[in-house]
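This report refers to the structure that appears directly beneath it.
The values are calculated or read from the model by the stated rules, or taken from the named source; none is laboratory data. As the structure is a computational prediction, the values presented were derived from the model and not from experiment. Here Cβ is always computed from backbone atoms with ideal geometry, including for glycine, and neighbour counts include all displayed protein chains. What goes into the accessible areas is simple: the full protein's heavy atoms, side chains included, and nothing from ligands, DNA or RNA. Shrake-Rupley method; radii C 1.70, N 1.55, O 1.52, S 1.80 Å.
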Amino acid sequence: MHLPLRKCYHVIKLGIVLVLILTILTLFEQWRGGKRSTRAQELEMVQDEFEKQILEDEARIIPGLGEGGVAAHLVGEAKRLGEESEKALAINVYLSDRIAYNRTLRDYRNPACTRVLYDAELPSASVIIIFHNEPYSVVVRTIWSVVNSARRDQPWYRHANFVDRASGKTMNLGYPGQDPTSPFVYLKEIILVDDNSTLPELKGKLSHYIRTRLPPDLIRVLRLPDRQGLMRARMTGARAARGDVLIFLDAHCEAGADWLRPLLQRIRHKRDAVLTPLIDVVDQTTFQLDAAEHFQVGGFTFMGHFTWIEVPEREKKRRGSDIAPTWSPTMAGGLFAMNRAYYWELGAYDEQMAGWGGENLEMSFRIWQCGGTLETIPCSRVGHVFRSFHPYGLPAHTDTHGINTARMAEVWMDDYAELFYLHRPDLRNNPKIGDVTHRRILREKLQCKSFQWYLDHVYKEKFVPVRDVYGFGRFTNPSSGLCLDTLQREGEASPLGVYPCHDTLQATQYLSLSLSGELRDEEKCAELQYSRRNPDEGGEGEGRKVLMVTCHEKDRGQKWRYLSSKQLQHVESQLCLEAGPQPGADVAARPCRRDAPAQRWRIDYSEDN
Ligand code: UD2
Ligand code: MN
């Protein structure tokens, strides 16, 4: 049988088309496969490159340098390079790169801490570390310190071990939800949140380091596609977390011995306790751990700044022991532990806060006013590198600290917000602050108490300018146009001076004459410099210097009175405060003379005005 020629032709055509299609497909597949393998090769090459860089980093490390937390020093050219890096980054990064990434700190806790017995079964922790352009070796050291402190074989976990009768093996109960064979106890995970860093080593190289050097399945890195600021970065970490307790750390910390259990134990027994470890100073120049025996808690100024204060006497009595949870009116903000569910119930952070600053006081006031407690746990210690400036840029021309603090004041400080606006009149009714309605609703919903309640119950020691004063504001010497000014002098005892009066109330000129007769700013009181050689010095000549020192309320050395002649008289010495001759000069206490114009002072707000 013959097919008609026409049909034959069609079959051949179809065959050719099919062969063509098949050839194209095969070629395409080959091409794709090739491409895939070049991609795999590329990836391998990149990984090799990271590996090479990491090996180079590791070769740089000087064994034993800074071990235990002692000061590390370099000499010669290395020292100079170290200083240069510190000038640029506020941390001696050159030195950090040479100290072992997994150095351990000596156990410097109060010895009583080693005798505390903890429950074997404790909640699990998610440690959240956020960073934006932090020095690579410093970040890696932070991670190692958290990993190492949670290892099951650490000596401090030994007494929580129990012997399994059946197998005769020693086991640590750890967290029941955790694999008892896991090398870690209580530590569920570490979540790193990269707030859109631009430093390349914090990207692939860091991920490669974690993959190849650190324990598997313990550490996650979340990368934010754009810069969110530290509040939203922490919230991103908190959303991803699965542990019972959230523990936040800055990316330049080193956790101390057995720091986790005291936090987890306390939260297990008091769900609404928000805890801070005792924060030790890791020196930015030498990486020395400065572990003070004596610790402070958090205060604040009405300018909206966090300060460190001594533990109030009444709190020392209440807590009962040096290592007991110590109430703190505020927290520094970076290092704290909180029950995860409670964190969300209490309103996490104000999501409209951006950049840096203000969230720490906001959260502190919110905790106390809404029924929780904020406590320092002395047996949990973590080192932190306090830097003298921000090495990373913040969004240009935005004062995020000021705006965030205004948002905080609008929601939590009631009428006391006015004291903040006295310093920042530019922020009063400023649209930049944005809408805070949702935070006010939160306050309503949680039935939180007033700021007045906070001052009366939590922070009784706080000096409140306007409430506790005879007069406050600028102290102007009309004849010279100069005002009393603390001149931004730091230190234990710094002379009080004069400076041209500012139009608005600036912290350095914001002084008060308190009802108990102190001439003071929010933290320090004026007293006369004591001269051992000649206690009566000042009768003639130089006069006696006036120093700003810690207020003590005890003796009469810090008492002043305002005379009807507008003179400020030091009660004990009967001397009067006299303005210095030129801007920036110190004031002096001299014999009172009614006709001396330099001894007259006008107080902005006082009962007389
Ligand atoms: C303190 C707190 C800090 C924070 C801040 C107020 C301590 C020891 N530190 O200042 O945690 O509460 O007060 O806001 O309590 N970061 C970002 N994105 C940014 C800016 C910063 O992720 O846009 C990271 C940064 O890399 C660091 C952390 O946030 O890990 C805190 O910043 P910091 O160390 O500069 O703040 P610090 O310690 O001066
Ligand atoms: Mn920090």
When residues of region 434-451 are limited to those that are of a type in the set (S, T, N, Q) and over 26 Å from the mean Cα position of the chain (by Cα), the one least open to solvent (accessible area, probe 1.4 Å): 437
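Just one of 307, 286, 330 is closer than 25 Å to residue 389 by Cβ, over 15 Å from the mean Cα position of the chain (by Cα) and hydroxyl-bearing (Ser, Thr, Tyr); which is it?
Within the list 307, 286, 330, the selection yields 286.
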Number of positions in region 254-284 that are part of a loop (DSSP other than H, G, I, E, B) and within 16 Å of ligand 2 (Cβ to nearest atom): 2
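With the condition kept exactly as written, say whether any residue in region 56-66 is in contact with a helix residue (DSSP H, G or I) (Cβ under 7 Å, 6 or more places away or on another chain), open to solvent by less than 80 Å² (accessible area, probe 1.4 Å) and touching a residue at least 60 places away in the same chain (Cβ under 8 Å). Lay out the reasoning, then the answer.
Within region 56-66, the subset in contact with a helix residue (DSSP H, G or I) (Cβ under 7 Å, 6 or more places away or on another chain) is none.
There is no residue in region 56-66 that is in contact with a helix residue (DSSP H, G or I) (Cβ under 7 Å, 6 or more places away or on another chain), open to solvent by less than 80 Å² (accessible area, probe 1.4 Å) and touching a residue at least 60 places away in the same chain (Cβ under 8 Å).
When the residues of region 366-390 are narrowed to those that are in a loop (DSSP other than H, G, I, E, B) and open to solvent by less than 40 Å² (accessible area, probe 1.4 Å), which ends up nearest to ligand 2 (Cβ to nearest atom)?
Our first condition is that a residue be in a loop (DSSP other than H, G, I, E, B); within region 366-390, this holds for 370-372, 386-390.
Subsequent filtering for residues that are open to solvent by less than 40 Å² (accessible area, probe 1.4 Å) retains 370, 372.
Numbers: 370: 26, 372: 24 Å.
For region 366-390, the residue satisfying everything is 372.
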Of residues in region 391-403 being in contact (Cβ under 8 Å) with a residue 40 or more places away in the chain, more than 16 Å from ligand 2 (Cβ to nearest atom) and surrounded by 16 or more Cβ atoms within 10 Å (Cβ to Cβ), the one farthest from residue 445 (Cα to Cα): 402
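Considering only strands (runs of 3 or more DSSP E) fully contained in region 165-253, which possess at least 1 residues that are at pLDDT 95 or above? Quick ask: steps written out before the conclusion?
Numbers: elements: 170-172, 187-194, 219-223, 245-249.
Qualifying strands (runs of 3 or more DSSP E): 187-194, 219-223, 245-249.
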Extreme residue, farthest from residue 277 (Cα to Cα), among residues of region 336-360 that are of a type in the set (A, V, I, L, M, F, W, C) and within 16 Å of ligand 2 (Cβ to nearest atom): 356
Count of residues meeting criterion [touching a Phe, Trp or Tyr at 6+ places or on another chain (Cβ under 6 Å) and farther than 15 Å from residue 323 by Cβ] in region 282-296: 1
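Would you say residue 333 is open to solvent by less than 10 Å² (accessible area, probe 1.4 Å) and within 8 Å of ligand 1 (Cβ to nearest atom)?
Numbers: open to solvent by less than 10 Å² (accessible area, probe 1.4 Å): yes; within 8 Å of ligand 1 (Cβ to nearest atom): yes.
Spelling it out, residue 333 is indeed open to solvent by less than 10 Å² (accessible area, probe 1.4 Å) and within 8 Å of ligand 1 (Cβ to nearest atom).
Among the listed residues 395, 425, which satisfies the condition of being near ligand 1 (Cβ under 9 Å from one of its atoms) and not polar (S, T, N, Q)?
Numbers: 425 fails: near ligand 1 (Cβ under 9 Å from one of its atoms).
Going through 395, 425 in turn, just one is near ligand 1 (Cβ under 9 Å from one of its atoms) and not polar (S, T, N, Q): 395.
Okay, residues lined up against (1) buried (at least 22 other Cβ atoms within 10 Å of the Cβ); (2) more than 15 Å from ligand 1 (Cβ to nearest atom); (3) assigned by TED's automatic domain parsing to the domain that holds residue 194:
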{"position": "224", "(1), (2), (3)": "no, no, yes"}
{"position": "244", "(1), (2), (3)": "no, yes, yes"}
{"position": "251", "(1), (2), (3)": "yes, no, yes"}
{"position": "272", "(1), (2), (3)": "no, yes, yes"}
{"position": "275", "(1), (2), (3)": "yes, no, yes"}
{"position": "285", "(1), (2), (3)": "no, yes, yes"}
{"position": "290", "(1), (2), (3)": "no, no, yes"}
{"position": "296", "(1), (2), (3)": "no, no, yes"}
{"position": "313", "(1), (2), (3)": "no, yes, yes"}
Contacts under 6 angstrom Cβ, first residue in region 331-352 being over 14 Å from residue 367 (Cα atoms), partner near ligand 1 (Cβ under 8 Å from one of its atoms) and assigned to a loop (DSSP other than H, G, I, E, B), 6 or more apart: 334/250
Test: residue in region 470-482 that is in the same structural domain as residue 588 (by TED's automatic domain parsing), without any contact (Cβ under 8 Å) to a residue 40 or more places away in the chain and not in a loop (DSSP other than H, G, I, E, B): no
